[in-house]
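For reference, the structure is listed below as structure tokens.
The values are calculated or read from the model by the stated rules, or taken from the named source; none is laboratory data. Everything quoted here is computed from the prediction, not taken from an experiment. Cβ placement follows ideal geometry from the backbone for every residue including glycine, while neighbour counts extend to all protein chains displayed.
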Amino acid sequence: MLKLLFFFMLCFAYVSSTFDCWNNGCGRRGGKCKACGAGKACCRQGWNDPVECLHGKLGCKGHHCCVNDATQFDCWNHGCGHRGGNCKAFGAGKACCRQGWNDPAECLHGKLGCKGRHCCVNDATQFDCWNHGCGHRGGKCKACGAGKACCRQGWNDPAECLHGKLGCKGFHCCVESISEIPHDTKISKEEMQFL
């Protein structure tokens, strides 16, 4: 009985690794797909598929196949060098976070991530801190972390946001607070555009 079960497991693994999910069920799109099942993604090596495929590092050679979703595995040990926070392995706007750990602001200091392990999530500093963590207020906010503030360009936020000169366009996001820059620092008009 055990040999028969092992044989079926091997057959399933072989079929799922050769199944062309691109043309059969995933609508000619890479990434998460119902045809691959929960925790899986349709990926092809060398293609610019989404983060769950590690942007072309996962998948089969020559065709798309179902593989484990990269955002579901432990990014701490696989790709992010035992560090929480922004991680180039998963692309822009992503962070390696674990709930309950003191990871950086992009992980909302332990409020984002998976329980019991680090996993890839959307970088909190790239999302709307106004609605998620800062209570519909601009300025210094615990959710953004020490030395950071929830700011939006063009809004009349407090001084630490330079009254609307710091932040993201179209939404509030966590940025370095202007109050963290020493007061005797001279800043030119050209430099101000990068704050």
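Residues checked against (1) within 12 Å of CYS129 (Cβ to Cβ); (2) modelled with pLDDT under 80; (3) under 28 Å from the mean Cα position of the chain (by Cα):
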position	(1), (2), (3)
CYS161	yes, no, yes
GLY167	yes, no, yes
PHE171	yes, no, yes
ILE178	no, yes, yes
PRO182	no, yes, no
PHE194	no, yes, yes
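Could you identify the single residue in ARG28, ARG83 that is at pLDDT 85 or above and closer than 29 Å to LEU112 by Cα? Outline the logic, then answer.
On the way: ARG28 fails: closer than 29 Å to LEU112 by Cα.
Step by step, each of ARG28, ARG83 is checked, and only ARG83 is at pLDDT 85 or above and closer than 29 Å to LEU112 by Cα.
Every residue, every condition in (1) in the same structural domain as CYS21 (by TED's automatic domain parsing); (2) hydroxyl-bearing (Ser, Thr, Tyr); (3) outside any loop (DSSP other than H, G, I, E, B), yes or no:
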{"site": "ALA38", "(1), (2), (3)": "yes, no, no"}
{"site": "CYS42", "(1), (2), (3)": "yes, no, yes"}
{"site": "CYS66", "(1), (2), (3)": "yes, no, yes"}
{"site": "CYS96", "(1), (2), (3)": "no, no, yes"}
{"site": "ASP103", "(1), (2), (3)": "no, no, no"}
{"site": "GLU106", "(1), (2), (3)": "no, no, yes"}
{"site": "LEU112", "(1), (2), (3)": "no, no, no"}
{"site": "ARG117", "(1), (2), (3)": "no, no, no"}
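Name every residue in the stretch 159-173 that is surrounded by fewer than 18 Cβ atoms within 10 Å (Cβ to Cβ) and not hydrophobic (A, V, I, L, M, F, W, C), in order of residue number.
Within the stretch 159-173, HIS163, GLY164, LYS165, LYS169, GLY170 meet the criteria.
Can you name every residue in the stretch 87-106 that is touching a strand residue (DSSP E or B) at 6+ places or on another chain (Cβ under 9 Å), modelled with pLDDT of 85 or more and either over 20 Å from ASN48 (Cα atoms) or basic (Lys, Arg) (or both)?
Those that are touching a strand residue (DSSP E or B) at 6+ places or on another chain (Cβ under 9 Å), modelled with pLDDT of 85 or more and either over 20 Å from ASN48 (Cα atoms) or basic (Lys, Arg) (or both): CYS96, CYS97, ARG98, GLN99, ASP103, PRO104.
Out of curiosity, is ARG44 farther than 16 Å from ASP123 by Cβ, without any contact (Cβ under 8 Å) to a residue 40 or more places away in the chain and not hydrophobic (A, V, I, L, M, F, W, C)?
Numbers: farther than 16 Å from ASP123 by Cβ: yes; without any contact (Cβ under 8 Å) to a residue 40 or more places away in the chain: yes; not hydrophobic (A, V, I, L, M, F, W, C): yes.
When the stated conditions are applied, ARG44 passes them.
Can you name the residue in the stretch 119-131 that is at pLDDT below 80 and part of a loop (DSSP other than H, G, I, E, B) and is also nearest to CYS174 (Cα to Cα) among such residues?
Filtering the stretch 119-131 for residues that are at pLDDT below 80 and part of a loop (DSSP other than H, G, I, E, B), the one nearest to CYS174 (Cα to Cα) comes out as PHE127.
Determine whether CYS134 is farther than 27 Å from ASN68 by Cα, touching a helix residue (DSSP H, G or I) at 6+ places or on another chain (Cβ under 9 Å), assigned by TED's automatic domain parsing to the domain that holds LEU162 and at pLDDT 80 or above.
Answer is yes for this residue.
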